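The values are calculated or read from the model by the stated rules, or taken from the named source; none is laboratory data. Just so we're clear, the structure is a prediction, and the values are computed from it rather than from any experiment. All Cβ positions, glycine included, derive from the backbone under ideal geometry; neighbour counts span all protein chains shown.
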Amino acid sequence: MKDKYFSAQLAALGEDSIKDNEGHTYRFSCFRSFHFPFAIRVDANASGGGLLTFAMCDAPLYPSGSDMNVAWTLDISEEQMSTLSQSIEQNGFWDMPVSIREYGLDGSNWIVECVRDGQYHVVERWTPREGEIFDIGSLFTSLSGERIHPLYSKSG
């Protein structure tokens, strides 16, 4: 059931599965209980930098869906791409369990997906307040330049 829910959220955001992407693709999705869901995807390019895509819907999705409200892209530098890649590596993303049993009523699902040279991994956490997924998700939002509030996390 969770897979269907997450897929519906991503579809509303105009995002397809990245599972079969070639090269390096990273995505952070945040599905908040009472606020607009968003996704930030970074696709590495041949120059060492990347293309960041930000998408946000115009209402909380729940099971019924919503419409995309905001979507834009920006180029990120080789340094920014390196920072993101290093954060994923240093935080042990590739060895993290997909999910842990921690859920609540009001909060947000944080989902980080990465594809690297044909290897795909996804990690989902409920309202992280600190730790690796919190750090990675926070870096994605920082790279986007968007001020997203609330994230249902330690910082709001």
Scanning the range 119-134 for residues that are surrounded by 10 or more Cβ atoms within 10 Å (Cβ to Cβ) and more than 17 Å from residue 6 (Cα to Cα) gives 128, 129, 130, 131, 132, 133, 134
Note on residue 95: of the conditions (1) at pLDDT 95 or above; (2) of a type in the set (D, E, K, R); (3) under 16 Å from the mean Cα position of the chain (by Cα), unmet is (3)
Residue hits (the range 29-42; part of a strand (DSSP E or B), closer than 15 Å to residue 14 by Cα and not aromatic (Phe, Trp, Tyr)) are 29, 30, 39, 40, 41, 42
Taking the range 100-142 and keeping residues without any contact (Cβ under 8 Å) to a residue 24 or more places away in the chain, farther than 22 Å from residue 34 by Cβ and outside any helix (DSSP H, G or I) leaves 101, 131
Counted residues in the range 43-73 being touching a helix residue (DSSP H, G or I) at 6+ places or on another chain (Cβ under 8 Å) and either part of a helix (DSSP H, G or I) or modelled with pLDDT of 90 or more (or both) come to 7
With the first residue restricted to the range 35-55 and required to be in contact (Cβ under 8 Å) with a residue 40 or more places away in the chain and within 14 Å of residue 137 (Cα to Cα), and the second required to be of a type in the set (Gly, Ala, Ser) and crowded, with 18+ Cβ neighbours inside 10 Å, Cβ contacts under 6 Å at 6 or more apart or on different chains are 40/144; 42/50; 54/144
